[in-house]
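Beneath this line is the structure, given in structure tokens, with notes to follow.
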Amino acid sequence: MQLADHHAEAERLMTICNACRYCEGLCAVFPAMEMRRSFGAGDLDYLANLCHGCGACYVDCQFSPPHEFEVNVPRTLATVRARSYRDHAWPGFLRSLFDHNGLAISLAAALGVAGFILGFVSWHQPAVLVEAHRDPSSFYALMPHEAMVTLFGTAFLLALVALAMGFRSFWRAAREQIPEPAGGGSLLQALRDAGTLRYLDGGGVGCYNEDERPTDNRRFYHHLTFYGFLLCFAATTSATLMHYLLDMPAPYAWYMPPKVLGTLGGLGLIVGPVGLFLARIRRDPELNDADCSGIDTAFIGMLFGTGLTGILLMLLRQTPAMGIMLALHLGFVLALFVTMPYSKFVHGIYRYAALVLYALERRRLGSKADRS
């Protein structure tokens, strides 16, 4: 089968790298590459999602530009990785969203939702938007609890279905040469590798920047962003359990789990995305695919907006600004849910799937070595 242009370039580079093998100790990409003699589209999507873009192979490679072979693995795999998000998105007719999912569109979606909420409230209860809110239940004067749960629950469930179908498509294509079933050991190993960002260390020295001085800053800000998101999700989950199982509706005191988890998560979603954005603009331009900058910036911006509006809402909840801040926060959260299957969010899911497949391949090699 004839490969698309982005896959054809990746196949060319993997063929060169498979003959050289100088970089095999840097990350998981090159050992996984060495297990193949040919590369289909699914194989290249798998290798691209194993790549964390640290840049070590580009700096170490003797065939990187200006050599005539022009081997630039980080940028080429970044292109394949971004296209894999689009190619496996579900439903198919929404795949074009990846072509235009920039920061402006994401912000427009968030502000559009916030504007609708503010307009609806100002039409029916304009005083809610200008008065100080001392009543603990004042949140629900802007949007009733049942309406909030229905709207956001539906959006989240639809996003989960779309993410699951995208994962299924990626998994089936990437594992064509890996028939083994995924057991608990492989799942756990991949979870450890993903949770520690094991392959974002550039072979032990960190990610490379424009001045070719490696640092661990990118991994640190990835951790803040990832665990900040998980803490915010844990805050929402704990609040749901307390509301329905323990009959303890919001709002909660500062020392209660939803408030503690949400505060820590919100701070992570502020500091982490800012650090990732600064790390991106300081990287060597040769390592980045310019066509991916829009989707990267949009996702970082949505996470930052969610964290910032959440923290401001907590600080301003008893002031006249509460109504506006709540509408903005709900707008960012709903827009984040709706765009998740068609944004950079999917990279975490596909990367974990790739790490599971890599763990399976390593176990296969270990079994062969034991038998020999």
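Scanning the stretch 258-283 for residues that are of a type in the set (D, E, K, R) and outside any loop (DSSP other than H, G, I, E, B), which turns out modelled with the lowest pLDDT? Going through the qualifying residues, I end up with R282. Screening the candidates L230, L191, L187, L163 for the property of being within 18 Å of the chain's Cα centre (by Cα), over 21 Å from T339 (Cα atoms), among the hydrophobic types (A, V, I, L, M, F, W, C) and not in a loop (DSSP other than H, G, I, E, B) yields one hit, L191. Go over the candidates G40, G102, G53 one by one and state the one that is touching a Gly at 6+ places or on another chain (Cβ under 7 Å) and either surrounded by 21 or more Cβ atoms within 10 Å (Cβ to Cβ) or at pLDDT below 95 (or both). Criteria check complete, one pass: G102.
Being open to solvent by less than 50 Å² (accessible area, probe 1.4 Å) and free of Cβ contacts under 8 Å to residues at least 12 places away in the same chain is the filter here; which residues of the stretch 4-30 pass it? Selection gives A8 alone.
Residues checked against (1) open to solvent by less than 20 Å² (accessible area, probe 1.4 Å); (2) at pLDDT below 95; (3) at positive phi; (4) not in a helix (DSSP H, G or I):
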site: D291; (1), (2), (3), (4): no, yes, no, no
site: L308; (1), (2), (3), (4): no, no, no, no
site: R317; (1), (2), (3), (4): no, yes, no, yes
site: A327; (1), (2), (3), (4): yes, yes, no, no
site: G331; (1), (2), (3), (4): yes, yes, no, no
site: F337; (1), (2), (3), (4): no, yes, no, no
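With respect to L111, is the statement that it is outside any loop (DSSP other than H, G, I, E, B) and open to solvent by less than 60 Å² (accessible area, probe 1.4 Å) true? No: the conditions fail for L111. Of the residues screened, Y255 is not one that is open to solvent by 60 Å² or more (accessible area, probe 1.4 Å), over 23 Å from P144 (Cα atoms), assigned to a helix (DSSP H, G or I) and not polar (S, T, N, Q). Only one of the numbered conditions (1) within 30 Å of S64 (Cα to Cα); (2) open to solvent by less than 20 Å² (accessible area, probe 1.4 Å) is not met by G268, and that is (1).
Sort through F156, F220, F233 and tell me the only one that's open to solvent by 60 Å² or more (accessible area, probe 1.4 Å), of a type outside the set (S, T, N, Q) and more than 25 Å from A359 (Cα to Cα). Just one listed residue meets the conditions, F233. Among the residues making up the stretch 286-305, a single one is of a type in the set (S, T, N, Q) and within 11 Å of P273 (Cα to Cα): T297. Screening F93 against (1) open to solvent by 40 Å² or more (accessible area, probe 1.4 Å); (2) within 24 Å of A162 (Cα to Cα); (3) in contact (Cβ under 8 Å) with a residue 24 or more places away in the chain leaves a single unmet condition, (3).
The values are calculated or read from the model by the stated rules, or taken from the named source; none is laboratory data. Model, not experiment: these values are computed from the prediction. Using ideal geometry, Cβ is built from the backbone for each residue, glycine included, and neighbour counts are taken over all protein chains shown. Areas reflect the complete protein model, heavy atoms only, side chains present, ligands, DNA and RNA absent. Shrake-Rupley method; radii C 1.70, N 1.55, O 1.52, S 1.80 Å.
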